[in-house]
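The values are calculated or read from the model by the stated rules, or taken from the named source; none is laboratory data. This is a predicted model, so every value here is computed, not measured. Here the Cβ is made from the backbone with ideal geometry for all residues, glycine too, and neighbour counts use every protein chain on show.
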Amino acid sequence: MRKLLLLIAASLLGVGLYAQNAKIKLDAPTTRAMCTNSSFKQFDASFSFNEVELKRVETKGGTFASVSIPGTFPTGEFGAPEVPAVRKLIAVPVGATPIVRVKNFTEQVYSLNQYGSEKLMPHQPSMSKSDDPEKVPFVYNAAAYARKGFVGQELTQVEVLGTMRGVRVAALTINPVQYDAAANQLKVRNNIEIEVSFQGADEVATQRLYDASYSPYFETAYKQLFNKDVYTDHPDLYKTPARMLVVAGAKFKEALKPWLTWKAQKGFYLDVHYTDEAEVGTTNASIKAFIHKKYNDGLAANAAPVFLALIGDTDVISGEKGKKTKEVTDLYYSAVDGDYFPEMYSFRMSASSGEELKNIIDKVLMYEKATMPDKSYLEKVLLIAGADYNWNPKVGQQTIKYGMQYYFNQEHGYTDVYSYLKAPYTGCYSHLNTGVSFVNYTAHGSETSWADPSLTTSQLKALTNKDKYFLAIGNCCITAQFDYPQPCFGEVITRVKEKGAYAYIGSSPSSYWGEDYYWSVGANAVFGVQPTYEGTTMGSYDATFLEDSYNTVNSIMWAGNLAATHAGNIGNITHIGAHYYWEAYHVLGDGSVMPYRAMPKTNTYTLPASLPQNQATYSIQASAGSYVAISKDGVLYGTGVANASGVATVNMTKLITENGNYDVVITRSNYLPVIKQVQAGEPSPYEPVSNLSATVEGQKVTLKWEAPAAGNRAEV
């Protein structure tokens, strides 16, 4: 092992006492994390850092210095000095125990007294948005600051977290910094090279589980794994259609029909059940057992559902109290294998009557079919960093600015970006009436309101955005607490007739300032300074704008929760942990919708003149990546995905045996849907041929081909 132990004075670096910020240049040209040689047996990784940033922080406990490194997160025991750590989510094979071996690193010691007299900031618990900052105690462990010598975590840590849609997930943590509080010195370990081996890995079982559960709808999640290349690409698995398990209150059978018909036309194989069926039942326990059995049976048959749609309010499908949040959650309907990672994308279309469900469905159908009379509103968004004297300038404004810098701008097709970073917020919600496709509010909330600027459920009922329905995200407390005695904010905004949202993402319990920040922009170590794309993990904003991905409303929420997971558990980085956030956030409305990002594109396609009967496949041309479905009367016959050449081979699970008009629907993320009918005809009287060739000799032309029934033929 190579170690370089140096005590570097400020004079050597040309940096004096810092007034607010200072940067210590380290012994690496760039900051980066790399994964190489990835396999089911092991992978290699390297971590390097080119600078440490110091920032003076004023607190209730006095003046301290915070230390950060791009791409890291703050960690430490509460009240003890806070230091940065790297955290990566990794895929771990079935049956394996991950073992980390440190191969190499460099080491340097820096005297912080050369930059200022302040000690490092003591690590504080995450602050709930429902907390009064004045009443939250400042945690300071005097004994930790009296210790002599370098104190900190082991250089590497690894912890298996659970299984996420067929992939075992672990957290790999690198702790590059140790601190000697008595001497006010930092020890930075850099240019770290490690090997992660998987002892006891069952490669066959690992690949089998992945293949059985794989869906392109989860690519957003898989992309966040550090060693994501361990799994082979599966273009053939795009033939596997999207499947949805629907569990609904019995009273919604009639109201649900138009939505079920459309989802089948769109290419979902539906498995629909109601609470009046004995095997489903009406209790939380019986419904959960039924759903888990359905998923496991589907997994065994390589037909696991991708989406779980819960239809109804808690009077017909109850939630349960979260283990961490102590508030209502639907997580454990979709988390099948005993941990907090879901196996399915779950959403709840919460309605107390058929009329309310119809209101939700009508908005979804107009949005997904793109039948709104004026689509220009899709190019407009509303972004609000709500009021809080302490946290608005630290994370609220930074959240909205990040979204505007990278995504919500003219470059991405938006003509109007209505942003409100701080007071005054006068007239901000008028844009909901004139039309926006997306609204994000981050600050305080209640069961029935966004707090400041205030938007109440009464105001939602008075909206006038007919035919201009939007996706709403509320990063705030308890606006999605769907077991509240009266309809919560998220329920009302989706239930209101001919206005409001087609879907709402929000939290059932109180949410947290730091974690909501991570949820939106990606996990990072920067508060009060504008985060960068390079310095953060993937957050919900990033996931929304992934090209050529099946980025649904559910996958946006999933990406946000994974960002909170990145900054979670190990080393008391947060006192709530990732488990809390997976229980907290919910989609109310239709989570299977793929939101349009500004004005959607027009698909280029060619349909056959007719669909001959009894064919196992049909070829349809469409833009690469398009999902093509053939159905009739709400029954799905087959699906396929257009390859790189723009040809979709539609594999028929039900053969066309009758004449008539069949629905052909072509969809792709951020493309207008193609909804057409093609007539089926009698079987072709001609045999298909192959290996056709022609030979020309003078005026004589000889054609040869192969036909299944007749063998070779020649015509002159």
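Here are some notes:
- Filter result (β-branched (Val, Ile, Thr) and either buried (at least 21 other Cβ atoms within 10 Å of the Cβ) or within 25 Å of the chain's Cα centre (by Cα) (or both)) within segment 252-276: Thr275
- Test: residue in segment 659-666 that is among the small types (Gly, Ala, Ser), within 19 Å of Ala264 (Cβ to Cβ) and surrounded by 15 or more Cβ atoms within 10 Å (Cβ to Cβ): no
- Selection status of Glu118, assigned to a loop (DSSP other than H, G, I, E, B), charged (D, E, K, R) and modelled with pLDDT under 95: yes
- For Ala423, the conditions (1) outside any helix (DSSP H, G or I); (2) hydrophobic (A, V, I, L, M, F, W, C); (3) touching a Leu at 6+ places or on another chain (Cβ under 7 Å) all hold with the exception of (3).
- Exclusive hit being modelled with pLDDT under 95 and among the hydrophobic types (A, V, I, L, M, F, W, C), set Ala264, Ala303: Ala303
- Screening segment 277-296 for residues that are among the aliphatic types (A, V, I, L, M) and touching a strand residue (DSSP E or B) at 6+ places or on another chain (Cβ under 7 Å) and picking the one that is surrounded by the most Cβ atoms within 10 Å (Cβ to Cβ) gives Ile291.
- Residue, nearest to Asn661 (Cα to Cα), within segment 612-629, restricted to residues that are under 29 Å from the mean Cα position of the chain (by Cα) and assigned to a strand (DSSP E or B): Ala629
- Failed item, numbered, when Ile493 is tested on (1) assigned to a loop (DSSP other than H, G, I, E, B); (2) surrounded by 24 or more Cβ atoms within 10 Å (Cβ to Cβ): (1)
- Among residues of segment 444-459, those that are assigned to a strand (DSSP E or B) and in contact (Cβ under 8 Å) with a residue 60 or more places away in the chain, counted: 2
- Restricted to segment 566-583, and to residues there that are crowded, with 24+ Cβ neighbours inside 10 Å and closer than 22 Å to Leu308 by Cα, the residue that is modelled with the lowest pLDDT is Ala578.
- Selected residue (only one of Val67, Val83, Val102 is surrounded by fewer than 22 Cβ atoms within 10 Å (Cβ to Cβ), out of contact with any helix residue (DSSP H, G or I) (no Cβ under 7 Å at 6 or more places or on another chain) and in the same structural domain as Thr31 (by TED's automatic domain parsing)): Val102
- Matching residues, segment 317-361, being closer than 17 Å to Gly591 by Cβ and in a loop (DSSP other than H, G, I, E, B): Ile317, Gly319, Asp330, Ala335, Phe341, Pro342, Glu343, Met344, Ser350, Ala351
- Segment 56-71: number of residues that are outside any loop (DSSP other than H, G, I, E, B) and not acidic (Asp, Glu): 10
- Only one of Ala609, Ala644, Ala598 that is assigned to a loop (DSSP other than H, G, I, E, B), more than 25 Å from Val553 (Cα to Cα) and within 26 Å of the chain's Cα centre (by Cα): Ala644
- Test: residue in segment 160-178 that is crowded, with 20+ Cβ neighbours inside 10 Å and at positive phi: yes
- Single residue of Gln114, Gln108, Gln124 found to be assigned by TED's automatic domain parsing to the domain that holds Phe49, farther than 19 Å from Ser66 by Cβ and out of contact with any Cys (no Cβ under 8 Å at 6 or more places or on another chain): Gln108
- Near pairs, Cβ below 6 angstrom, 6+ apart or cross-chain, from segment 202-227 (touching a residue at least 24 places away in the same chain (Cβ under 8 Å)) to any residue that is basic (Lys, Arg): Ser213/Arg165; Phe218/Arg165; Tyr222/Lys228; Phe226/Lys88
- Val650 vs. criteria part of a strand (DSSP E or B), out of contact with any Pro (no Cβ under 9 Å at 6 or more places or on another chain) and either on the phi < 0 side of the Ramachandran plot or among the small types (Gly, Ala, Ser) (or both): yes
- The residues listed here are Tyr441, Tyr414; of these, the one that is assigned by TED's automatic domain parsing to the domain that holds Leu383, outside any helix (DSSP H, G or I), within 30 Å of Lys326 (Cα to Cα) and of a type in the set (Phe, Trp, Tyr) is Tyr441.
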